[in-house]
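Structure first, then comments.
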Amino acid sequence: MSLQPLTGIWWKKVDSSEKVWLGIALVWCLILFAMMPLWHLKGGQNPSFNTFRTTPADFQKKVEAFVEAGPKVADDKGLPVIAPDPQKEVYMLGRLWQWYPALKLKKGQTYRLHLSSMDLVHGFSLFPLNLNFMVLPGYEYVLTITPTTTGEVFVVCNEFCGIGHHQMVGKITVE
């Protein structure tokens, strides 16, 4: 049994039920298109941020100065835990398989968190919260954050960054 060629011009005839489905698909696409900016403004999980060009060396100097200024309140597996003043800038650095330093923040206080990567694209995902952010080398991102619950929040890299990617977990403690 062989396939028989179609007779007639198939693209000229459109059945009424097909027109209905095409209309439904078009309306749904327009609804989703309108929802994108609305969800960004009202959704709450997409933070607004500022971005500046930087170099990894310059950003590392800022992070080192931030850690030196402290106050350093503890060590967490060899990483300093810094409890910054909410009035000052807070820095966190992503580098191969580590978020540096660990932070201790106060509930209800607003912080300006500066993020950058030293080497590769890293993901800044706060678990168990629903905040995902991509951190690129050569850029300094400034997020304004206000912790609303106490406890430990883990900073998970959600962009594959090599063989130690599964170990790239930082910590922010909110008290």
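The values are calculated or read from the model by the stated rules, or taken from the named source; none is laboratory data. This is a predicted model, so every value here is computed, not measured. Cβ atoms come from the backbone with ideal geometry, glycine included; neighbour counts cover every protein chain shown. Ligands, DNA and RNA are stripped out before the accessible areas are found, and what is left, the full protein with its side chains, is counted by its heavy atoms. Shrake-Rupley method; radii C 1.70, N 1.55, O 1.52, S 1.80 Å.
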- Message: For segment 137-154, give me each residue that is over 11 Å from the mean Cα position of the chain (by Cα) and either of a type in the set (A, V, I, L, M) or farther than 21 Å from Pro56 by Cβ (or both).
- Response: Val142, Thr144, Ile145, Thr146, Pro147, Thr148, Thr149, Thr150, Gly151, Glu152, Val153, Phe154
- Message: Within segment 93-102, does at least one residue satisfy the condition of being touching a Pro at 6+ places or on another chain (Cβ under 7 Å), closer than 16 Å to Gln167 by Cβ, in contact (Cβ under 8 Å) with a residue 60 or more places away in the chain and not in a strand (DSSP E or B)?
- Response: no
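Residues are listed down the side, and each one gets a yes or a no for (1) modelled with pLDDT of 90 or more; (2) aliphatic (A, V, I, L, M):
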site: Ala69; (1), (2): no, yes
site: Met92; (1), (2): yes, yes
site: Trp99; (1), (2): yes, no
site: Thr148; (1), (2): no, no
- Note on the structure: By residue number, the members of segment 121-130 that are assigned to a loop (DSSP other than H, G, I, E, B) and either buried (at least 18 other Cβ atoms within 10 Å of the Cβ) or at pLDDT below 90 (or both) are Pro128, Leu129, Asn130
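Look at Pro71 and say whether it is open to solvent by 60 Å² or more (accessible area, probe 1.4 Å) and touching a residue at least 12 places away in the same chain (Cβ under 8 Å).
On the way: open to solvent by 60 Å² or more (accessible area, probe 1.4 Å): yes; touching a residue at least 12 places away in the same chain (Cβ under 8 Å): yes.
For Pro71, the condition - open to solvent by 60 Å² or more (accessible area, probe 1.4 Å) and touching a residue at least 12 places away in the same chain (Cβ under 8 Å) - is met.
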- Say whether the condition of being over 22 Å from Thr173 (Cβ atoms), part of a helix (DSSP H, G or I), open to solvent by 40 Å² or more (accessible area, probe 1.4 Å) and in contact with a Lys or Arg (Cβ under 9 Å, 6 or more places away or on another chain) is met by at least one residue in segment 48-59. yes
